[in-house]
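Here is the structure we will look at, set down as structure tokens.
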Amino acid sequence: KTFAASSYKGIVFIGYNGTFNPKAVIKIEEANLVTPRVVKAGPHGGDMICGYNTSTGRDASECVWITKSTLGIVEYIKHGAPAKNSGTSAYTLKVRAAVEAPPRS
């Protein structure tokens, strides 16, 4: 399938390791997302917020997780462009489980 095919569905993931202020990131996302909602962040902890990113001129489902040391953003793609999807929070938890390892002791 090509990225722009009518049957194409996928996600975009961006992740960072560093030092973050979770409350500040959630506050920024609450201001930038349309209909933001805080959801369960999964077994790795931290906070997660989902909503619609409208920066491209269309509503795109997006979720962001944040801890003091990691930040991840997942956006849903359909037909080669950002799009709405009711299951983005579940996809985000699957992506997070695949890419983020718990802190080592």
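Restricting the range 72-94 to residues that are of a type in the set (V, I, T) and within 14 Å of K9 (Cβ to Cβ) leaves a set whose member that is surrounded by the fewest Cβ atoms within 10 Å (Cβ to Cβ) is I77.
Say we look at the range 19-37 and pick out the residues that are under 21 Å from R58 (Cα atoms) and either touching a residue at least 12 places away in the same chain (Cβ under 8 Å) or under 12 Å from the mean Cα position of the chain (by Cα) (or both); which of these is least open to solvent (accessible area, probe 1.4 Å)? Spell out how you get there, then give the answer.
As a first pass, look at the range 19-37 and keep what is under 21 Å from R58 (Cα atoms): 28-37.
Pick out the ones that are also either touching a residue at least 12 places away in the same chain (Cβ under 8 Å) or under 12 Å from the mean Cα position of the chain (by Cα) (or both) and you get 29-30, 32-37.
Values: E29: 31, E30: 89, N32: 100, L33: 12, V34: 63, T35: 83, P36: 54, R37: 108 Å².
So, considering only residues that are under 21 Å from R58 (Cα atoms) and either touching a residue at least 12 places away in the same chain (Cβ under 8 Å) or under 12 Å from the mean Cα position of the chain (by Cα) (or both), the one least open to solvent (accessible area, probe 1.4 Å) is L33.
Based on this model, can you work out whether K40 counts as loosely packed, with under 12 Cβ neighbours inside 10 Å and within 22 Å of S86 (Cα to Cα)? I'd like the intermediate steps shown before the answer.
On the way: loosely packed, with under 12 Cβ neighbours inside 10 Å: yes; within 22 Å of S86 (Cα to Cα): yes.
Yes, satisfied.
Matching residues to (1) of a type in the set (D, E, K, R); (2) crowded, with 16+ Cβ neighbours inside 10 Å; (3) within 12 Å of the chain's Cα centre (by Cα):
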residue: G10; (1), (2), (3): no, no, no
residue: C50; (1), (2), (3): no, yes, yes
residue: N53; (1), (2), (3): no, yes, yes
residue: D59; (1), (2), (3): yes, no, no
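Has the range 62-71 got any residue that is open to solvent by less than 30 Å² (accessible area, probe 1.4 Å), of a type outside the set (S, T, N, Q) and modelled with pLDDT under 95? No, the range 62-71 contains no residue that is open to solvent by less than 30 Å² (accessible area, probe 1.4 Å), of a type outside the set (S, T, N, Q) and modelled with pLDDT under 95.
Let's see how each residue does on (1) in contact (Cβ under 8 Å) with a residue 60 or more places away in the chain; (2) acidic (D, E); (3) in contact with an Asp or Glu (Cβ under 8 Å, 6 or more places away or on another chain):
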residue: C50; (1), (2), (3): no, no, yes
residue: I66; (1), (2), (3): no, no, yes
residue: S69; (1), (2), (3): no, no, no
residue: Y76; (1), (2), (3): yes, no, yes
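The values are calculated or read from the model by the stated rules, or taken from the named source; none is laboratory data. In this text, all values refer to a predicted model and were calculated from it rather than measured experimentally. Cβ sites come from the backbone with ideal geometry, for glycine too, and all protein chains shown count toward neighbours. Quick note on the areas: whole protein, heavy atoms, side chains included, nothing else; ligands and nucleic acids left out. Shrake-Rupley method; radii C 1.70, N 1.55, O 1.52, S 1.80 Å.
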